[in-house]
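Take a look at the structure set out below.
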Amino acid sequence: MKGRKIIFLSLLAIAIVVLGFFREHVFVGINRDNISAIGSSYSGLSKWILTFVFIIIFLLATFLFLYLLFESRRYALLSVYVYLFLLGVSAIVSLAGMAFSSFENVYPFVRALAGIMQSPLVLVILIPFCLIADKLR
């Protein structure tokens, strides 16, 4: 059973990395199209939708990986809390930017947070965090 778990976790890790490259490819293509056709309404809506789709996919993959690795729903739920926290910070910064200045001023920060949520970075940070939490118990 342990061998199967290692193989599955390895395949899931590879899938997460490939997903990151795929996401980058998709967004580079959209951005390239936007540069060649400035003013396209396709870019705004499609990028927001794709952003949320990729965030959900990475959240599910992180949840599954942590659940399988630690066999603990607690650590898997931690990934949900981290993603909700990052989404909340992103929403608050966006709203504050729109209320006090302009969204364009806060967009780089919001985009950076979205980039973190659409990458393996959250998983990479949570794995040692959970290992340390296990050791401290």
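The values are calculated or read from the model by the stated rules, or taken from the named source; none is laboratory data. Just so we're clear, the structure is a prediction, and the values are computed from it rather than from any experiment. Cβ placement follows ideal geometry from the backbone for every residue including glycine, while neighbour counts extend to all protein chains displayed.
Just one of the listed residues (102, 72, 79) is among the small types (Gly, Ala, Ser) and under 19 Å from the mean Cα position of the chain (by Cα), and it is 79. For the stretch 37-74, taking the residues that are over 20 Å from residue 11 (Cβ atoms) and in contact with an Asp or Glu (Cβ under 9 Å, 6 or more places away or on another chain), the one that is modelled with the highest pLDDT is identified as 72. Against the conditions (1) touching a Gly at 6+ places or on another chain (Cβ under 8 Å); (2) under 15 Å from residue 62 (Cβ atoms), residue 116 satisfies every one except (1). Restricting attention to the stretch 70-111, the residues being in a helix (DSSP H, G or I) and among the acidic types (Asp, Glu) number 1. In the condition set (1) in a helix (DSSP H, G or I); (2) under 18 Å from residue 23 (Cβ atoms); (3) touching a residue at least 12 places away in the same chain (Cβ under 8 Å); (4) not hydrophobic (A, V, I, L, M, F, W, C), residue 119 is compliant with all but (1).
Scanning the stretch 73-93 for residues that are surrounded by 13 or more Cβ atoms within 10 Å (Cβ to Cβ) and either among the aliphatic types (A, V, I, L, M) or farther than 17 Å from residue 119 by Cβ (or both) yields 75, 76, 77, 78, 80, 82, 86, 87, 89, 93.
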